[in-house]
Amino acid sequence: EQLLTGQIERPPESVTDAIGLLQAMQTHVYRNPTDAQRWLAMSQAYVVVEAIEPALEALSRAQRRAPEDDQIAMTYAQMRFFSQEGQLDDKTKQVLGEVLARNPQHEGALLLLAMGQQRAGNYPIAIEYLNQIKTIRLSRDSDVTAAAIVQLDRAIEQTQQLQQAALSSRIEVNVSLAAALRAQVKPSDTLFVYVRALQGATIPYAVHKQDVALLLAGQTVDVVLSDQNAMMAERSISSARRERIALAVGARISQTGNPTGAAGDLESLPVPLGTEQQFQVTIDRTR
């Protein structure tokens, strides 16, 4: 009860049964199901034991019971954001939008949106959010040399560099499937379009994954690959070009969903990359 109502921040040292403590807290919360602060405290307890899904559910309940509480809303949005590896899903966007509707100058909400848009490769939108934060801070302190402003300028510059790198690494690929192989493709199969080294290791520098519905319908698939599709930040199209590694683009249909490929997959011949940005590949052979 004291933990759930904020009278103490941590359980007494005499409490050694973590599972029993959680069960007792759950009982108290369900006896007071309309108390948003109790759901918030319950979520924090779940985080301590790394139970992320129950923590998210508790935060969701807290947010529904106190929809205008910015602290609860931001805690919920942040946990959703980081539990999904920096992706802004519709619910997170909705919660952040509600926060900004109440307080258009909420820096935390603007920053989370900037991070999510950068992660998604929407660099102009990310820069716009960062500039909004900069304007807000300058309205409070006009010193452009202040540490917070310098840090923001650095974030804006880094995002601009990522945008330029993404543009220079952008490759447009048109993928088609040979009609003779269409009968071998199942709706549950997976299409991978990738850029890898022309010779040597086959680990891709960029990869795009989607279903095969368009190919089964006899249509082509248009895919854009860039540094944003890198499997690892340090292994991207740009990094390969800096190291002067010869690259190739290709496509593969996998029955197992394994991006590394397996015997029986349908695939295209690798097409060497030059300075051009548009390529056509045809899946016409069996691995």
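The values are calculated or read from the model by the stated rules, or taken from the named source; none is laboratory data. Predicted model, so just to flag it, every value in this text is computed and none were measured. Here the Cβ is made from the backbone with ideal geometry for all residues, glycine too, and neighbour counts use every protein chain on show. Protein only, heavy atoms only, side chains kept; ligands, DNA and RNA dropped before computing areas. Shrake-Rupley method; radii C 1.70, N 1.55, O 1.52, S 1.80 Å.
Of note:
- Matching residues, the stretch 93-117, being of a type outside the set (D, E, K, R), under 13 Å from residue 63 (Cβ atoms) and in contact with a helix residue (DSSP H, G or I) (Cβ under 8 Å, 6 or more places away or on another chain): 95, 96, 99
- Single residue of 218, 261 found to be touching a helix residue (DSSP H, G or I) at 6+ places or on another chain (Cβ under 9 Å), farther than 19 Å from residue 170 by Cβ, touching a residue at least 24 places away in the same chain (Cβ under 8 Å) and small (Gly, Ala, Ser): 218
- Number of positions in the stretch 29-59 that are polar (S, T, N, Q) and open to solvent by 70 Å² or more (accessible area, probe 1.4 Å): 3
- Qualifying position, being surrounded by fewer than 19 Cβ atoms within 10 Å (Cβ to Cβ), out of contact with any Pro (no Cβ under 9 Å at 6 or more places or on another chain) and within 30 Å of residue 268 (Cβ to Cβ), among 142, 176, 169: 176
- Scanning the stretch 103-155 for residues that are part of a loop (DSSP other than H, G, I, E, B) and charged (D, E, K, R) yields 141, 143.
- Taking each residue of the stretch 86-105 that is under 18 Å from residue 119 (Cβ atoms) and looking for partners that are of a type in the set (S, T, N, Q) and at pLDDT 95 or above with beta-carbon atoms closer than 7 Å, six or more apart or interchain, yields 95/63.
- The stretch 256-272, residues that are surrounded by 15 or more Cβ atoms within 10 Å (Cβ to Cβ) and at pLDDT 90 or above: 265, 266, 267, 268, 270, 271
- Restricting attention to the stretch 189-234, the residues that are open to solvent by less than 50 Å² (accessible area, probe 1.4 Å) and either at pLDDT below 90 or not in a strand (DSSP E or B) (or both) total 10.
- Of the criteria (1) part of a strand (DSSP E or B); (2) touching a Lys or Arg at 6+ places or on another chain (Cβ under 8 Å), which one residue 175 fails: (2)
- The set of residues in the stretch 68-103 that are on the phi > 0 side of the Ramachandran plot and open to solvent by less than 60 Å² (accessible area, probe 1.4 Å) contains only 86.
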